[in-house]
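Okay, so here's the structure we're looking at.
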Amino acid sequence: MLANLHAITTVQDTLITQSARRNVQKLASAVGLALNIQPGRGLVMVLGAGSERNNQEALESWVAQTLIDHDLLPTRETIPLLIEALEAILTQWQEDATW
């Protein structure tokens, strides 16, 4: 009986994790679209942890970490906050790059 409960909990945790991951991917896509982030690798070192292969993966990592840092759920209501935060990071990065 206990083993069955553990298996059910593991399945539920997996489903929640998969659902949250999909929501993070959707949020990252929405933010990328709103800020016209192009395909490529230019943002991997700015937003990512370093293991990401492209801008989309870097954006997904950044969104996930930002949600954790601000204790937010991956819902569409967070899109304006994410856009504002990413704009600030990219603006600062551009200003630093021009010096």
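Yes or no, residue by residue, for (1) exposed (fewer than 11 other Cβ atoms within 10 Å of the Cβ); (2) touching a Lys or Arg at 6+ places or on another chain (Cβ under 8 Å); (3) outside any helix (DSSP H, G or I):
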| site | (1), (2), (3) |
| --- | --- |
| 53 | yes, yes, yes |
| 59 | no, no, no |
| 73 | yes, no, yes |
| 82 | no, no, no |
| 89 | no, no, no |
| 92 | no, no, no |
| 95 | yes, no, no |
When residue 33 is run through (1) in contact with a helix residue (DSSP H, G or I) (Cβ under 8 Å, 6 or more places away or on another chain); (2) open to solvent by 100 Å² or more (accessible area, probe 1.4 Å); (3) free of Cβ contacts under 8 Å to residues at least 40 places away in the same chain; (4) not small (Gly, Ala, Ser), the failure sits at (1)
What is the one condition in (1) exposed (fewer than 11 other Cβ atoms within 10 Å of the Cβ); (2) aromatic (Phe, Trp, Tyr); (3) at pLDDT 95 or above that residue 99 does not satisfy? (3)
Can you confirm whether residue 68 is assigned to a helix (DSSP H, G or I) and open to solvent by 60 Å² or more (accessible area, probe 1.4 Å)? yes
Out of curiosity, is residue 49 small (Gly, Ala, Ser), modelled with pLDDT of 90 or more and either in a helix (DSSP H, G or I) or on the phi < 0 side of the Ramachandran plot (or both)? no
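The values are calculated or read from the model by the stated rules, or taken from the named source; none is laboratory data. The structure presented is a predicted model; accordingly, all values stated were derived computationally and were not measured. FYI the Cβ positions are ideal-geometry reconstructions off the backbone, even for glycines, and counts take in every protein chain you see. When the accessible area is computed, the model is the full protein with side chains, heavy atoms only, and any ligands, DNA or RNA have been set aside. Shrake-Rupley method; radii C 1.70, N 1.55, O 1.52, S 1.80 Å.
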